[in-house]
Structure formats: structure tokens, C-alpha cells
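Structure, as C-alpha cells:
What follows is calculated from the coordinates using simple rules that are stated; it is not laboratory data. Quick caveat, the model's predicted, so the values are computed rather than measured. So basically every Cβ, Gly included, is an ideal-geometry build from the backbone, and we count neighbours across all protein chains shown.
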Amino acid sequence: MNTNRMNTSHVAWTFALGFSALAATASFSVAGATTYTLEDLSTLAGSHIWTDPGSTAAGLSRSAIVGHSITPAFDRSVHAFRYAGGSMIDLGALPGDLHSMAFASNAQGDAVGVSFDLGEIDVHGVLWPWNGGMVSLGAIEPRDVNAAGAVAGSIPFTGGVAGAVGTKHAALHLGRGTTDLGTLGGPSSMGMALNESNWVVGDSMLADSRTTRAFVWRNGSMIDLGTLGGNGSRALDIDGLTVVGFADTSAARPHATRWALNANGSIASKTDLGTLPGAQSSAAYAVSGTSIVGTSDDRAVLWTDGAIVDLNSFVDPNIYWHLTKATGIDSEGRIIGVGRHKGLTRAFVLTPKNPADIDGDGVVGPIDLALLIGAWGTNDSLADLDGNGTVGAPDLALLLGAWTA
């Protein structure tokens, strides 16, 4: 994944709101910075369903967004979904199961997740290929899949004294084989993500059977990633040699953490990403290049260029959105997550908007040209593409260079 660079040096943010032809989509401009389009992904049961869990976006690639949503069924089951081309598709559950959830999607659009019935101790791993259908992966609980089809997750562990019912070990699934990655000395571990080199990150209990630590597994070796001075930590995503998650500070507060790794898997650096002003805690859920997303207390956040940004700063309060958690970011800077829209739990996607797309319809064309000409000579913030304070010839050149109509 590549970096999505944003200018976050502004202390004061000014916003201009415009609505596209899609009723569930709004565009937000920030003077001198990135502009986003915010989209409510709705649910498999429709846009007005009040029943929780509503919908949650958990993973994305350039092909699709995946997660889980309540269905229109009478029993209010929850099913995995794939969102692509403006439509949410029900991915279904394995025969005999009522519920399913998708956690990740790779570059090809293949999704992985779980299928289960309420009350089951062990879930059933599922692969939903981009071209349709579903494939059972057996006892593994998948959490991530890379471009080569390798899957990181957890498998039931029943060996030894530690093999109590429900105990799991982090695992790597390659083709038809699954490798138990072991633990950091304790009874259980969980695999949460992997990179294109099949390095797996997650968390494991230590020998005291109480302390949980973030780990990276590489070529048969599991490395404890440590903490920020406290007891516990967890790793939730990896991109190349960058791992993110959260770790306890010496004040026993969980803070979002970035671990930079060396080529042998050892720790090159460890960074406390901090919290929003006044917040007590934070967690980093996903990383793409130098851009990291997560949550601070109950607010979705972005860390980039050494700064933390409240993603709610991009949302006009008059449309009644509260973004609580950002769960994914891709190489193009799209951000997914979950929030509350008019009190309803909803998956969302924030898409960086081309500054030349003045009307926010996704196309740079005649309407944008007309708006720019109409603002000629003014300081209109939307039409002043180069940010020099006046709409003029340089802005016209930028718009024509970005023409897509």
C-alpha cells in the first residue's frame, strides 16, 4: 500500500458543503487541504432500518469494501457484504449457518471472514472470491488476506494443558496447508493481519496467562513488540515493515502505536501516536504507507505527517453524522469505518475528492468549468484550485488538466 499525503498543518479548518446527485453522499472542502466525499453505505435491509448492528465496514481494497450488515430477514441475521460500484451485495453464509462477517479484501477483491451460528465456540472460515460463490476454509478464523491469497487468522488449539475449550493459536493459511504460529509462551494467540511477504501480526498471551502482547511472526519466529511502558499491547495491521495497533503507557492508558521493523523483523522504532486533545485512549486499526487510521475515545481519526486529525472535522454537523472508528485506508486515501448517522449505526467511506471536481459529482467537466468561470476574479474557496486567493488563469489550467468528462 502507498501513502496518501495530506496537509494537516492548519490550526483552523474552514469547510464548504456541497451535495452530489446521490442523496447519501456529501462533499466537504477544507481550504488548502484534502476534500472528501462522505458516503453512507446503508445496510442490506435498507437505509431506514433502526435495528443494530446496522452496518460496519471492516476492510477495503481498490476493488471493494467489505464488512457486515443486518439483513432484511425476519430473524434479523447478520451477513457479510461486499460494496462495489455503489451497491451492497449480500455474501451469504455457509449452509447450516445463520450469520457471517467479512473482515478483509485483497487487491483482486476476494474477501475473507467467518460464518457461524450464535452460541458456537468455533466459527467457520470463509473465502468469498471476487467472481462469486464461497469457499469453506475450515476451522481457521480468517482476519486478513494478501494479494497471493495467503490468509492470517486463528485456529482452535486443543493440545497440552493449555488446550482449554475455545483456546486459539495464530495461524497462516497457504493454499491447502495451515501453519500454527504458536504463542509468546502463553496459552493463546490471535493472527490479525499479514503483509505481502506473509509476515503475520497479532497478539499473544505471555507465560503468566494474563498479559497480552503484540507480536510479529516471520519465517517461524514470533517476536514480542513490547509496550509503551505499560503491560499490554496488540498489533492490528501491517503494511510492508510498518505495524500498527495499540499499547499501554506507563499510566496504564492504551495509546495508538506504530512499530517500524527492520528487514529481519526486529524493532527499528516504536512511536506513541497519541490521542486527540482531552481524550484518554486511542487505537490504530489500519495503515497505508505513512497514513494511519483508527479511533481516539469515540472519534474516528487519521494520523499523517506526524499529526492527528479528527475525521469528524470534515463533517458538517447539520447532516447528523458522528464518525466513531476508522477501520481501513487504501493507497488512494479512501477511509472506511463505522459511525452513527441520525442515530443509526452505519458503515461509511470517505473518498478524497479531486479539487477540480467543484460540483462534487465525481467528474471534472462542463459544470465545473462553468462554476469556475462564474467565480472568476473572486476568492471562492472551491474554485480557487491553487489556493492563491483569486480564481484566475492558473485555476483554469488546473481544471483543464484534470478534465475527465
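Structure notes:
- Residue exposure sequence - ARG210, ARG258 - by fewest surrounding Cβ within 10 Å: ARG210, ARG258
- Positive-pole candidate from THR290, PRO352, ILE49, dipole of the chain, charges at beta carbon: THR290
- Structure-derived Cα Rg over 2.2 N^0.38 Å - corresponding label in (i) 1.03; (ii) 1.16; (iii) 0.93: (i)
- Note that the range 296-311 has calculated 3J(HN,Hα) couplings of 9, 6, 10, 10, 5, 9, 10, 10, 7, 6, x, 10, 9, 10, 6, 5 Hz, one per residue in order, obtained from phi through the Karplus relation 6.51 cos²θ - 1.76 cosθ + 1.60 (θ = phi - 60°); glycine and proline are x.
- Cα→Cβ-extended label distance, 7 Å offset, between SER331 and SER281, nm: 3.5
- Unit charges at the beta carbon, dipole of the chain: most positive-side option, ALA193, ALA397, LEU385: ALA193
- Sorted by Cβ neighbour density within 10 Å, fewest at the top, the residues LEU194, LEU369: LEU369, LEU194
- Within the range 364-405, the proportion of C-alpha pairs whose separation exceeds 17 Å stands at 16%.
- Modelled label positions at THR290 and TRP50, each set 7 Å beyond Cα in the direction of Cβ, lie 4.8 nm from each other.
- Theoretical ellipticity at 222 nm over the chain - DSSP helices of four or more residues, -39500 (n - 2.57) apiece, nearest 500: -1500 deg cm²/dmol
- At full extension, VAL363 and SER87 could sit 97.4 nm farther apart than now, given 0.36 nm per residue minus the alpha carbon distance.
- For the chain, modelled as a GNM whose springs connect Cα atoms under 10 angstrom apart, the maximal fluctuation among VAL315, VAL112, VAL243 occurs at VAL315.
- Top positive-direction residue, dipole computed over the range 46-157 with Cβ charges, set GLY67, ASN146, GLY86: GLY86
- Sorted on the mean count of surrounding Cβ atoms within 10 Å across their residues, most packed first, peptides 177-188, 385-396 read 177-188, 385-396.
- Close amide H partners of GLY202, meaning residues 5 or more places away or on another chain with modelled amide H under 5 Å apart, are MET192, PHE215, ALA235.
- Simple spin-label estimate for VAL135 and ALA405 in nanometres, 7 Å along Cα-Cβ: 4.5
- Length added when fully stretched, ALA252-SER209, from 0.36 nm per residue minus Cα-Cα: 13.6 nm
- Rounded to whole Å, sorted largest first: equivalent-ellipsoid semi-axes of the range 51-139, Cα gyration tensor: 19, 16, 10
- Net dipole in debye of the chain [+1 Lys, Arg Cβ; -1 Asp, Glu Cβ; about Cα centre; nearest 20]: 740
- Choice from ALA80, ALA45, ALA247 with maximal GNM fluctuation in the chain (Cα, 10 Å cutoff): ALA45
- Environment charge of ALA150, counting only residues whose C-beta is closer than 11 Å and scoring Lys/Arg +1, Asp/Glu -1: -2
- When the chain is treated as a GNM with alpha-carbon contacts under 10 Å, the residue of ASN219, ASN198, ASN131 showing the greatest mean-square fluctuation is ASN131.
- Annotation for the range 345-370 versus the range 294-332: alpha-carbon center distance of 19 Å.
- Note that the range 42-53 has calculated 3J(HN,Hα) couplings of 6, 9, 5, 9, x, 7, 10, 5, 8, 5, 6, x Hz, one per residue in order, obtained from phi through the Karplus relation 6.51 cos²θ - 1.76 cosθ + 1.60 (θ = phi - 60°); glycine and proline are x.
- Basic side chains Lys and Arg get +1 at the Cβ, acidic Asp and Glu get -1 at the Cβ, and with that the dipole of the range 300-405 about its Cα centre reaches some 640 debye.
- In this Cβ point-charge picture (+1 for Lys and Arg, -1 for Asp and Glu), the range 148-271 has a dipole of about 100 debye about its Cα centre.
- 3J(HN,Hα) from dihedral phi, the range 121-129, Karplus parametrisation 6.51/-1.76/1.60, rounded to Hz, x for glycine, proline: 7, 10, 8, 10, x, 9, 10, 9, x
- Maximal additional length on extending the HIS322-ASN264 stretch stands at 16.8 nm, based on 0.36 nm per residue less the C-alpha distance.
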